[in-house]
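To keep things clear, I will list the structure first and then write my remarks on it.
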Amino acid sequence: MELAPSYLFSLPDIAKYTPHREKLTSNQLFSKASFHLVETDFLIDYPKPSLPHVAFVGGISTKPSKILSDQFQSFMDSSETGAVIVSFGSGLNGFPSDRMDTLIKAFKQRHDLHFIVKHGLLAHLEGNVMFSPWIPQNDLLGHNKTVAFFTHCGNNGQFEALYHGVPMVGFPLFADQYYNCERMRQRQYGLVLEFCSFDVEDIETALISITTNKKYLYNIRNASHIFHGRSETPLQRASYWIDHVMRYGDTYIHSYCTDIPWYQYYLLDVFMGLTTLIFVIIYLLVQIFKCWQYVCSKSIDKHVIRKAKIH
């Protein structure tokens, strides 16, 4: 984002939609925001410091599952020991064929499990694997037969899995997904595999581990209970703060660290002050040492001269 901010943000749009206002960069606009709603939660993310005008609303889009269509419902119910949901987001049109072939080969060896895979252009069945170009992901994750979620670890998908208490197998592809996978792995909500190098054996091992090792299910179910046991939902928290700022303004929660110049933000003024102080101390010590050397040399010279006169 620092190297190529226009990749994510269209900078001319700020001037386009606010021609009567001063020209601002995206960073300047963000720094002037009255309040920040950040979609993260310490149940799945690392602890981090915050400011008064920031609220964490991770899982703001989560919601209870709805009844599935007959097609999905019958396929889920017909599984012996459970179903695995496989979805790698909406940003990809398709996978390299060798990656998908490896996945499907591993899936077909687990006859006790059913797999619903979001992939392809037409919905069809291949034994215990259902392919569909679109799936009701949230509703499938909330089904009582779902035992695992194969995911690229997008933020929304992770929170849906947390909401419904479903262990994950992560395949990070780009952007924040590597970070998301690592935090999920450290919380022991699931496993992480390398997308470019996994083989059939890796998938088989991951399936065995995620469905038999109770720590993954226990950890994410416990986190899900905590998530549901709070006094307010993320959406209610976000609504409260929006209403609060509109009623009372943002003056008392505004942090002036967002207004300081860059050299103060990076503490360069403090660094320069300390550096100057250190140099002054070193200079004074050097001068004191030189004076001490001078006094000592004078004392030695006088002693030598006195001895010479005596002789």
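With a requirement of 2 or more residues that are closer than 30 Å to GLN109 by Cα and modelled with pLDDT of 90 or more, the helices (runs of 4 or more DSSP H) lying completely within segment 201-311 that satisfy it span 214-228.
In segment 251-267, which residues are farther than 20 Å from SER34 by Cα and not polar (S, T, N, Q)?
Of segment 251-267, the ones farther than 20 Å from SER34 by Cα are 262-264, 266-267.
If the condition is that a residue be farther than 20 Å from SER34 by Cα and not polar (S, T, N, Q), then TRP262, TYR263, TYR266, LEU267 are the ones that fit.
VAL86 - would you say it is within 24 Å of the chain's Cα centre (by Cα), aliphatic (A, V, I, L, M) and in the same structural domain as ILE253 (by TED's automatic domain parsing)? No: the conditions fail for VAL86. If I filter segment 95-117 for residues that are of a type in the set (Ser, Thr, Tyr), free of Cβ contacts under 8 Å to residues at least 12 places away in the same chain and under 26 Å from VAL57 (Cα atoms), do I get at least one hit? Checked segment 95-117: no residue is of a type in the set (Ser, Thr, Tyr), free of Cβ contacts under 8 Å to residues at least 12 places away in the same chain and under 26 Å from VAL57 (Cα atoms).
Tallying residues that are touching a Leu at 6+ places or on another chain (Cβ under 7 Å) and surrounded by fewer than 12 Cβ atoms within 10 Å (Cβ to Cβ) within segment 254-271 yields 0. Any residue at all in segment 165-176 that's in a helix (DSSP H, G or I) and either under 15 Å from VAL86 (Cβ atoms) or in contact with a helix residue (DSSP H, G or I) (Cβ under 9 Å, 6 or more places away or on another chain) (or both)? Within segment 165-176 (the criterion being in a helix (DSSP H, G or I) and either under 15 Å from VAL86 (Cβ atoms) or in contact with a helix residue (DSSP H, G or I) (Cβ under 9 Å, 6 or more places away or on another chain) (or both)), the answer is no, since none of the residues qualifies.
The values are calculated or read from the model by the stated rules, or taken from the named source; none is laboratory data. As the structure is a prediction and not an experimental result, all values here were calculated from the model. Note that we place each Cβ from the backbone using ideal geometry, even for glycine, and neighbour counts take in every protein chain shown.
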